[in-house]
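Trainee: Take a look at this one; I'll ask things after.
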Amino acid sequence: MALTGLILAGFVLGHMTGNLLVFKGPAALNEYAKWLHEHAGLLWVARSVLIISVFAHIWVGIQLALENRAARDGGPADDATRRASVASRTMPYSGVVILGFIVFHLLHYTFRTVALGGVTYGDDVYKMLIAGFSNKPVAAFYIISMLLLCLHLSHGVSSVFQTLGLRNERWRARLDGLALAYAWIIALGFISIPLAVLTGCLK
Amino acid sequence: MVQDNGKEQTLALKLRVWRQRRGQPGAFEEHSLAAVPTSASFLEMMDMLNEQLIKEGKDTFAFDHDCREGICGMCSMTINGMPHGPIPGVTTCQLHMRNFRDGETITVEPWRARAFPVLKDLAVDRSAFDKVIQSGGFITVRTGSAPEANNIPVPKPVADEAMDAAECIGCGACVASCKNGSAMLFVGAKINHLNILPQGQAERDRRTLAMVKTMDEAGFGNCTNYGECQAHCPKSITLDVIAKLNRDYLRARVKEFFSSTGKPSKGGD
Ligand code: HEM
Ligand code: SF4
Ligand code: FES
C-alpha cells in the first residue's frame, strides 16, 4: 500500500506540474505533449510502473478492507469515534471514485473516445483540453474527483510515514500537516485548469 | 467522592446489557437499577445489578474482572460504544459512576472482534493475545543464581521507553476500539518493550517476525492508522509503538532476505 501509494502520489505531482504548462500557452503544453510522445520508450516504462501500481494498490486495498471488516465482527451497537479522521474512514470510498475518475479520464484524454464530440484534435492537446472542460458536467466531475483525491492523499501520505516507521508523537502533527498541504497543492493545481476554462481565463 | 449535605448522591439507571451464550447469537437485555452511589466503580455497579438479578431469581451477567485497580487488564467492557467507558486513560474498574447522569441509559457490551469470541455475556476469550506472547514475548536468561543487577547497563532513556511500553496490561481495548479489529497497539507495545532493551537483543528479529505472524494468523485486522486504539487505551500507549513495530518488522524482513548461508553459491561468479 505504501510503496504503490508513494509511486501514485509522486506521479500526480509530476502530472499536475506538467499540466500547469497550459497557463504558459498552447505552444508550451503542446511541445511538452510532443516531447512525451517522442520518448515512447520512457513513456511506456512510466506507464507500466503506473499500471502495475494502480492494480496492486487497488487489489491490496480491497483485500485490506474486506479482511478488516471481517475482523471487526460487526463492532459495538453504538460505535464511538474519538479521533479517526473522516479521510481515514472513507479511504475505500474516495479510492473507488478516483478509480472511476481514472477510467473516465483515460477514455477522455488518452483514448479520446468520450465527451469530445468525436473530434480527435490530432497533436493539439491544448485545444482538446479547452474543448473537454468547456463541457460543464465533465469539468465538475474533474473538480469533485480532485477534491476526493485531496481527501485520499491527506490520509495516505501521512500513513506512509507510519508504515515506514518514520513517525512519532512529536512529528505526527507536523507530518499530518505536511500531507494535508501536499494534498491541497495537488488538488488545487489540477482544479485550476478546469476552473480556468469554465471562467473563461483559458480559451 | 461527591457529597451532598453529608449524604452521598445516588443514580437511577437504565442498563442495556449484552446477554449471550457461547456459540449462540446474543441480544441486549434491559434492566433498571436504583440507588447506585456515585462513588461506586463501574464494576461495583455491575455487582449491584447481579445481586438484584439473584434476588429476582434470574441469571447473572458474566463479566471478567480481577485486580479492580487497573493493573490486570481483565475488565473488558464496551460502555456506550467506548471500550473502558467515557474517561480516557482508565480501565472499567477505575471508572466511577459519578461520570454518569441520573436517569441515563447505559449500554454495556463485550469486546467485539472476531479474534475475541464471546464466552458468555460480557466475557470474551482473549487467548489470541496469549498466543502472540508465547510466540516471542520473552527473553532468554541464565536461571539458577540471581545475576548482578548492574551487569548490563541500560541507558535511562531506553529504560524509560521500555517501561512506557511495558505499561500495557493486555486488556484488548485497542482491538475492541479499532474499526479494523487490529491488535497492532498491543503487539507494538510488547515488541517494543523487549526490542529496545539490551536483554531483548538476542531474539529481536525472530521475536518481531514471530509475533506479527501469530497476530495475523489469529484473525486480527490490519492497521490503517485510525488512531482509535491510542484514544481508548487505558494506559495511553501511543501510536509510536506501531511505527517502531513497522520499522523493526521491515528491518527484520530485509535482514532475513539478505541473510548469509555461510556457503558459496553454486555457479555464477
Ligand atoms: C484536472 C486534472 C487533470 C488533467 C487536466 C489531466 C490531463 C491529462 C491529459 C491531457 C492527459 C493526456 C496526455 C496525452 O496523452 O497527451 C492525461 C493522461 C493521464 N492522466 Fe491525467 N489529468 C488530470 C488528473 C489526473 C489524475 C488525478 C490522475 C491519477 C490519479 C491522472 C492520471 C492520468 C493517467 C494515468 C494518464 C495517462 C498517462 C499515459 O498516457 O500513460 N490524471 N491527463
Ligand atoms: S495497548 Fe492499551 S488497550 Fe491495548 S492491550 Fe495494552 S493496555 Fe490494553
Ligand atoms: S479488573 Fe484489573 S484492570 Fe480492571
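The values are calculated or read from the model by the stated rules, or taken from the named source; none is laboratory data. Quick caveat: nothing in here was measured; it's all calculated off a predicted structure. When we count neighbours, we look across all protein chains shown, and the Cβ atoms used for this are built from the backbone with ideal geometry, even at glycine. The area values use the complete protein model at the heavy-atom level, side chains included, leaving out ligands, DNA and RNA. Shrake-Rupley method; radii C 1.70, N 1.55, O 1.52, S 1.80 Å.
Trainee: Somewhere in segment A:88-110, is a residue open to solvent by less than 70 Å² (accessible area, probe 1.4 Å), assigned to a loop (DSSP other than H, G, I, E, B), modelled with pLDDT of 95 or more and closer than 25 Å to A:T163 by Cα?
Mentor: yes
Trainee: Is one or more of the residues making up segment B:212-228 under 25 Å from B:M77 (Cβ atoms), more than 8 Å from chain A (Cβ to nearest Cβ), in a loop (DSSP other than H, G, I, E, B) and touching a residue at least 60 places away in the same chain (Cβ under 8 Å)?
Mentor: Yes, there is a match, as at least one residue in segment B:212-228 is under 25 Å from B:M77 (Cβ atoms), more than 8 Å from chain A (Cβ to nearest Cβ), in a loop (DSSP other than H, G, I, E, B) and touching a residue at least 60 places away in the same chain (Cβ under 8 Å).
Trainee: Given the condition of a type in the set (A, V, I, L, M, F, W, C), closer than 30 Å to A:Q162 by Cβ and within 22 Å of the chain's Cα centre (by Cα), answer yes or no: does some residue in segment A:64-85 qualify?
Mentor: Yes, segment A:64-85 has at least one match.
Trainee: Still on this structure, please answer the following. Sort through B:S41, B:S32 and tell me the only one that's at pLDDT 95 or above and within 30 Å of B:A166 (Cα to Cα).
Mentor: On the way: B:S32 fails: within 30 Å of B:A166 (Cα to Cα).
The match here is B:S41.
Trainee: Still on this model: Identify the residue in segment A:165-197 that is closer than 29 Å to B:E161 by Cβ and small (G, A, S) and, among all such residues, is nearest to the other protein chains (Cβ to nearest Cβ).
Mentor: A:G165
Trainee: All but one of (1) open to solvent by less than 30 Å² (accessible area, probe 1.4 Å); (2) part of a loop (DSSP other than H, G, I, E, B); (3) at negative phi hold for B:D64; which doesn't?
Mentor: Result: B:D64 passes all but (1).
Trainee: Conditions first: (1) farther than 15 Å from B:W18 by Cα; (2) part of a loop (DSSP other than H, G, I, E, B); (3) open to solvent by 40 Å² or more (accessible area, probe 1.4 Å); (4) of a type outside the set (F, W, Y). B:M48 passes all but one, so which condition is the exception?
Mentor: (2)
Trainee: Please find, within segment A:133-159, the residue that is farthest from the other protein chains (Cβ to nearest Cβ) out of those that are over 17 Å from A:V96 (Cα atoms) and open to solvent by less than 20 Å² (accessible area, probe 1.4 Å).
Mentor: A:F133
Trainee: When B:D269 is evaluated against the numbered criteria (1) assigned to a helix (DSSP H, G or I); (2) at pLDDT below 95, which criterion, by number, is the only one it fails?
Mentor: Of the numbered conditions (1) assigned to a helix (DSSP H, G or I); (2) at pLDDT below 95, the odd one out for B:D269 is (1).
Trainee: Also, quick follow-up: I'd like to check something: does segment B:27-45 contain any residue that is within 12 Å of chain A (Cβ to nearest Cβ) and either within 16 Å of ligand 2 (Cβ to nearest atom) or open to solvent by less than 70 Å² (accessible area, probe 1.4 Å) (or both)?
Mentor: Within segment B:27-45, one or more residues are within 12 Å of chain A (Cβ to nearest Cβ) and either within 16 Å of ligand 2 (Cβ to nearest atom) or open to solvent by less than 70 Å² (accessible area, probe 1.4 Å) (or both).
Trainee: I want to confirm something. Restricting to segment B:83-123 and keeping residues that are assigned to a helix (DSSP H, G or I) and surrounded by fewer than 17 Cβ atoms within 10 Å (Cβ to Cβ), which single residue is nearest to the chain's Cα centre (by Cα)? Quick ask: steps written out before the conclusion?
Mentor: Within segment B:83-123, the first condition is being assigned to a helix (DSSP H, G or I), and the residues that meet it are B:92-94, B:97-99.
Filter again for surrounded by fewer than 17 Cβ atoms within 10 Å (Cβ to Cβ), leaving B:98-99.
Working: B:R98: 24, B:N99: 22 Å.
Only one residue fits best here, namely B:N99.
Trainee: Let me confirm something: among A:G122, A:G41, which residue is assigned to a helix (DSSP H, G or I), at pLDDT below 95 and farther than 29 Å from A:S159 by Cα?
Mentor: On the way: A:G122 fails: assigned to a helix (DSSP H, G or I).
Of the residues listed, the single one that is assigned to a helix (DSSP H, G or I), at pLDDT below 95 and farther than 29 Å from A:S159 by Cα is A:G41.
Trainee: Please enumerate the residues belonging to segment B:167-190 that are at negative phi and away from chain A (no Cβ under 12 Å).
Mentor: B:E167, B:C168, B:I169, B:C171, B:C174, B:L185, B:F186, B:V187, B:A189, B:K190
Trainee: Give segment B:229-266 a look and list any residue that's of a type in the set (V, I, T), assigned to a loop (DSSP other than H, G, I, E, B) and at pLDDT 95 or above, or say none. Please lay out each step first, then the result.
Mentor: So the first thing to find is which residues in segment B:229-266 are of a type in the set (V, I, T), and the list is B:237-238, B:241-242, B:254, B:261.
Still in the list and also assigned to a loop (DSSP other than H, G, I, E, B): B:237-238, B:261.
Residues satisfying the conditions are B:I237, B:T238.
Per-residue answers, yes or no, for (1) over 16 Å from B:C174 (Cα atoms); (2) within 14 Å of another protein chain (Cβ to nearest Cβ); (3) within 16 Å of ligand 1 (Cβ to nearest atom):
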{"position": "B:G57", "(1), (2), (3)": "yes, no, no"}
{"position": "B:F63", "(1), (2), (3)": "yes, no, no"}
{"position": "B:C75", "(1), (2), (3)": "no, no, no"}
{"position": "B:P110", "(1), (2), (3)": "no, yes, no"}
{"position": "B:K120", "(1), (2), (3)": "yes, no, no"}
{"position": "B:F138", "(1), (2), (3)": "yes, no, no"}
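Trainee: B:C72: in contact (Cβ under 8 Å) with a residue 12 or more places away in the chain, in contact with a Cys (Cβ under 6 Å, 6 or more places away or on another chain), of a type outside the set (K, R) and open to solvent by less than 60 Å² (accessible area, probe 1.4 Å), yes or no?
Mentor: Details: in contact (Cβ under 8 Å) with a residue 12 or more places away in the chain: yes; in contact with a Cys (Cβ under 6 Å, 6 or more places away or on another chain): no; of a type outside the set (K, R): yes; open to solvent by less than 60 Å² (accessible area, probe 1.4 Å): yes.
No, not satisfied.
Trainee: As an exercise: evaluate B:R247 against (1) away from chain A (no Cβ under 14 Å); (2) without any contact (Cβ under 8 Å) to a residue 24 or more places away in the chain; (3) in contact with a Gly (Cβ under 7 Å, 6 or more places away or on another chain) and give the number of the one condition it does not meet.
Mentor: (1)
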